[in-house]
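Worksheet: the structure to be examined is printed underneath.
The values are calculated or read from the model by the stated rules, or taken from the named source; none is laboratory data. Bear in mind that the values here come from a model prediction, so they are computed numbers and not experimental data. Using ideal geometry, Cβ is built from the backbone for each residue, glycine included, and neighbour counts are taken over all protein chains shown. The accessibility values were calculated without ligands, DNA or RNA, using every heavy atom of the protein model including side chains. Shrake-Rupley method; radii C 1.70, N 1.55, O 1.52, S 1.80 Å.
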Amino acid sequence: MTELKYKTLDEKKDQCREIVTDLRKGLLCYPMKNCFKLFYKQIYEDFIFLGIKLACESGDMSLMLNGLFQGNRIGMIQSNWLHTPQDQSAGLINIILAFAANDLKLIDKSMPVSLEISDNGFYKSQYNMIYALYWKNQEIGKVAEKQLLDFLSKKQSKFDISFTLYLLALYHENPIDISSYLFELCNTVTKSNWVQEEIFLDTIHNRLGRSVALFVHGLYHLAYYSLNENVFWEIQIPEHKTFIKEYEKFNIENGFPVGKYLIHFNKLSRYMEHFIDIDIIPEVTTIIDPSDGKKYLDVDSFQKKTFINLKNNDLIKYKEESGEYVFQSLS
């Protein structure tokens, strides 16, 4: 994994120490929102694949789990701080990676039951089926099935076809088709620029993204959390170089454990140690734009609630003046 800039935990810790130092300095001079956007982008770098690298080198798959867990929580916050022309379906990648990390609490924040149907986004039908499967909503499942079949009636990429057919196989609880499309996804996901760019929010790490099918691991875990137990155990794990079988052996043997933090920052600062605690991360909400009547991700609300949660947990102090945040201190 030569593309990784930070190849050891110590190197990543040193980078994080520099980032939080820069954050403290920047908050004294620049708008709080801008400083935190930059902070989330910088600290996210290499987190997920550092865990994978260390796991493959040591054979300790808990390192992959924990890198996914911690990195994806940072990525989820970062994604929801960015404006998008979509509604809650914009968070699809982070939801699937949360499944890969067994982070159900983050899924509850990213795909809350209260939001129900997505109607604005290219992958809205796939989001709706995942929502229906996870929340056991038969009514939305029927709607999503119709949407997915309509999606397939149009010209789509090989990845989009295999992704859609996999979800339909889950919906119909067909372990033979599920196994077949899982394998097919290992092939097609490596050619999907969308998946890699959504995970990393850049194009630099595309080669890394194509070497490990994180998306497919997440979809395999979706099967675990949504299917009848007897059906799930009939699924064949893909024999594919991009699918880390040792990771899933670890999950099966340990009952699909929830991830933990790959790196602890309690000696660096309270803010760094706790900024991705689940009670800090807001629940995703949407807003209807009166100019076009469409539903969009409510980024402004997510940002505001993030600051409120940080403040209520004594991780940051600020005041509001004329609608602007005025920084005071960071714990």
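Within the range 228-283, count every residue that is assigned to a helix (DSSP H, G or I), in contact with a Phe, Trp or Tyr (Cβ under 6 Å, 6 or more places away or on another chain) and within 30 Å of Ile316 (Cα to Cα). Here the count works out to 2. In the range 101-151, which residue that is of a type in the set (S, T, N, Q) and not in a helix (DSSP H, G or I) is nearest to His221 (Cα to Cα)? Here the answer is Asn102.
Is the range 80-97 home to any residue that is over 16 Å from the mean Cα position of the chain (by Cα) and among the aliphatic types (A, V, I, L, M)? No - not one qualifying residue is present in the range 80-97. Which one of these is at positive phi and either under 14 Å from the mean Cα position of the chain (by Cα) or in contact (Cβ under 8 Å) with a residue 60 or more places away in the chain (or both): Gly59, Gly71? Going through Gly59, Gly71 in turn, the sole match is Gly59. Pairing residues of the range 167-190 that are on the phi > 0 side of the Ramachandran plot with residues that are surrounded by fewer than 18 Cβ atoms within 10 Å (Cβ to Cβ) and part of a helix (DSSP H, G or I), at Cβ distances under 6 Å and at least 6 apart in sequence or on separate chains, gives Glu173/Val231. Gly26 falls short of the stated requirement of being crowded, with 24+ Cβ neighbours inside 10 Å and part of a helix (DSSP H, G or I). Please tell me if Ile52 is within 22 Å of Arg270 (Cβ to Cβ), of a type outside the set (S, T, N, Q) and within 17 Å of the chain's Cα centre (by Cα). So Ile52 fails the test. Is it true that some residue in the range 231-240 is open to solvent by 80 Å² or more (accessible area, probe 1.4 Å), aromatic (Phe, Trp, Tyr) and farther than 30 Å from Asp14 by Cβ? Within the range 231-240, one or more residues are open to solvent by 80 Å² or more (accessible area, probe 1.4 Å), aromatic (Phe, Trp, Tyr) and farther than 30 Å from Asp14 by Cβ.
Residue by residue, here is whether (1) in contact with an Asp or Glu (Cβ under 8 Å, 6 or more places away or on another chain); (2) among the basic types (Lys, Arg); (3) open to solvent by less than 10 Å² (accessible area, probe 1.4 Å); (4) at pLDDT below 95 holds:
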{"residue": "Gly67", "(1), (2), (3), (4)": "no, no, yes, no"}
{"residue": "Asp87", "(1), (2), (3), (4)": "yes, no, yes, no"}
{"residue": "Gly91", "(1), (2), (3), (4)": "no, no, no, no"}
{"residue": "Ile96", "(1), (2), (3), (4)": "no, no, yes, no"}
{"residue": "Ser118", "(1), (2), (3), (4)": "yes, no, yes, no"}
{"residue": "Tyr127", "(1), (2), (3), (4)": "no, no, yes, no"}
{"residue": "Leu133", "(1), (2), (3), (4)": "no, no, no, no"}
{"residue": "Gly141", "(1), (2), (3), (4)": "no, no, yes, no"}
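Only residues that are open to solvent by 80 Å² or more (accessible area, probe 1.4 Å) and either among the charged types (D, E, K, R) or under 18 Å from Ser110 (Cα atoms) (or both) were counted in the range 289-304, giving 3.
Quick one: count up the residues across the range 153-176 that are among the hydroxyl-bearing types (Ser, Thr, Tyr), part of a helix (DSSP H, G or I), out of contact with any Ser or Thr (no Cβ under 6 Å at 6 or more places or on another chain) and more than 13 Å from Met129 (Cα to Cα).
As a first pass, look at the range 153-176 and keep what is among the hydroxyl-bearing types (Ser, Thr, Tyr): 153, 157, 162, 164, 166, 171.
This time we only want the ones that are part of a helix (DSSP H, G or I), so: 162, 164, 166, 171.
The next check asks that each one be out of contact with any Ser or Thr (no Cβ under 6 Å at 6 or more places or on another chain); those that pass are 164, 166, 171.
Narrowing the set further to residues that are more than 13 Å from Met129 (Cα to Cα) leaves none.
Final tally of qualifying residues: 0.
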